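Data first, discussion second: the structure below is written as structure tokens.
The values are calculated or read from the model by the stated rules, or taken from the named source; none is laboratory data. Here the structure is a predicted model, which is why all the values come from computation and not from measurement. Here the Cβ positions follow ideal geometry from the backbone for every residue, glycine too, while neighbour counts run over all protein chains shown. Just so you know, the surface numbers come from the protein's heavy atoms only, side chains and all, with ligands and any DNA or RNA stripped out. Shrake-Rupley method; radii C 1.70, N 1.55, O 1.52, S 1.80 Å.
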Amino acid sequence: MNTPSQNARPAPSLHFGQVVIGPPGSGKTTYCRGMQEFLTSLGRKVVVVNLDPANEGLPYQCDVDISELVTLDDVMEGLKLGPNGGLIYCMEYLETNFDWLEARLKQHHDSYFLFDCPGQVELYTHHNALKNVFSQLSRWNFRLTAVHLVDSHYCADPAKFISVLCTSLSTMLHVELPHVNILSKMDLIEQYGKLAFNLDFYTEVMDLSYLLDHLAADPFFKKFLHLNEKLAEVIQDYSLVSFVPLNVQDRESMVQVLRTVDKANGYCFGDLEERNLQAMMSAAVGADFQFDAALGVQERYVESNEKTVAEEVMDL
């Protein structure tokens, strides 16, 4: 007679990874390539899964590609849909073909997964197809962190930054995964204008009333002051949104992002991986360097502002 211990099935193994999401052009595919190279250098076995049916000419080694199942061009041509409708159809088609995805993922064992997702905002804010895909992955014992990328240069425009905050909050509430918001392309943060405040104001999403004062100075946005106040209240009442700055070519920046993501989904460094990381950081910038200090990031990427407080008030 079999004992209960003999009948018990072994617990399914955990799979850790990231679902990389965000609006078009925010750097998702570049992030996947950079993170794949970075993790490989640490000794972590990485599998990249392309879930974007519009992705062509992938710059990274892709182990699972949705184009084997469906492509956006075929859907648009066959069903006479536009790009937005076509992407939604592709995600719904993937949702009805979980067996295909499961079979492809089962071919890779003891790996860390990067899911490169489409760049259509409504897929993350209110449409359920991609959310259902993430839920199914969780049922397959995947422990995932949603890495939401937005362009850092939006910080230079108060109206666009409030829009980014609303989108980020809506995505966090809808996707229902451990979540890390990323300000990507930090080397281009002041490409379209100067920051009104220090960088930590934007990464920690501090008192938005100061940002509203800047908006009120613009005749166009002054008409919508009450609306902007209510949006700021919603963001601050939830108090969920913050950002991690990232330049994918900066190794210290990648370390900070990786530690934040690993903390969010519960991944623990292996001994060899931790030693590789320590050796890499010691050789690069010294073991005591802390990139997560907003001041250090600001000194690297943001031009200093020599104006006095009185001059800044006059600008307002």
Exercise for review: Compute the label zone of D207 within the range 163-197: residues whose backbone N is under 15 Å from the point 7 Å along Cα-to-Cβ.
Suggested key: 197
Review point. Among the GluC sites (Glu not before Pro) within the range 181-250, which fall in a DSSP loop and have no more than 13 other Cβ atoms within 10 Å of their own Cβ?
Key: E204
Review point. How far apart, in nm, are the 7 Å Cα→Cβ label points at L14 and T96?
Key: 3.6 nm
Exercise for review: Using packing as a proxy for protection, rank 147-160, 250-263, 70-83, 128-141 so that the peptide with the highest average count of other Cβ atoms within 10 Å comes first.
Suggested key: 147-160, 250-263, 128-141, 70-83
Review point. Of the accessible area of the range 138-237, with the probe set at 1.4 angstrom, what percent is carbon plus sulfur?
Key: 54 percent
Check your understanding: K45: which lysines have alpha carbons under 28 Å from its alpha carbon, excluding same-chain residues fewer than 8 sequence positions away?
Key -> K28, K106, K131, K185, K263
Check your understanding: Gain in length, C166 to Q191, computed as 0.36 nm per residue apart minus the alpha-carbon separation, to one decimal in nm?
Key -> 6.7 nm
Revision key, fill the gap. Filtered hits (lysines, Cα-Cα < 22 Å from K222, offset >= 8 within chain) -> K160, K194, K230
Exercise for review: State the percentage of accessible surface on the range 15-80 attributable to carbon and sulfur atoms; use a 1.4 Å probe and exclude ligands, DNA and RNA.
Suggested key: 45 percent
Check your understanding: Counting only residues 5 or more places away or on other chains, whose amide H sits under 5 Å from the amide H of I182 once H atoms are built in the peptide plane?
Key -> H148, L149, V150, V244
Check your understanding: Mind ordering 108-118, 179-189 by average Cβ neighbours within 10 Å, highest first?
Key -> 179-189, 108-118
**Study point:** Solvent-accessible area per residue for the range 106-252 (1.4 angstrom probe, square angstrom)
**Key:** 45 Å²
Exercise for review: Report relative contact order for the range 11-103 in percent, whole number only (criteria: Cα-Cα under 8 Å, sequence separation at least 6).
Suggested key: 18 percent
Check your understanding: For Q107 and N132, what does the FRET efficiency come to when R0 = 25 Å and r is the distance between their Cβ atoms, rounded to the nearest 0.05?
Key -> 0.65
**Study point:** Computed lengthening from L58 to D218, 0.36 nm per intervening residue step minus Cα-Cα distance
**Key:** 53.4 nm
Practice item. Considering Cα pairs under 8 angstrom that are at least six residues apart, work out the relative contact order of the range 165-276 and quote it in whole percent. Key: 38 percent
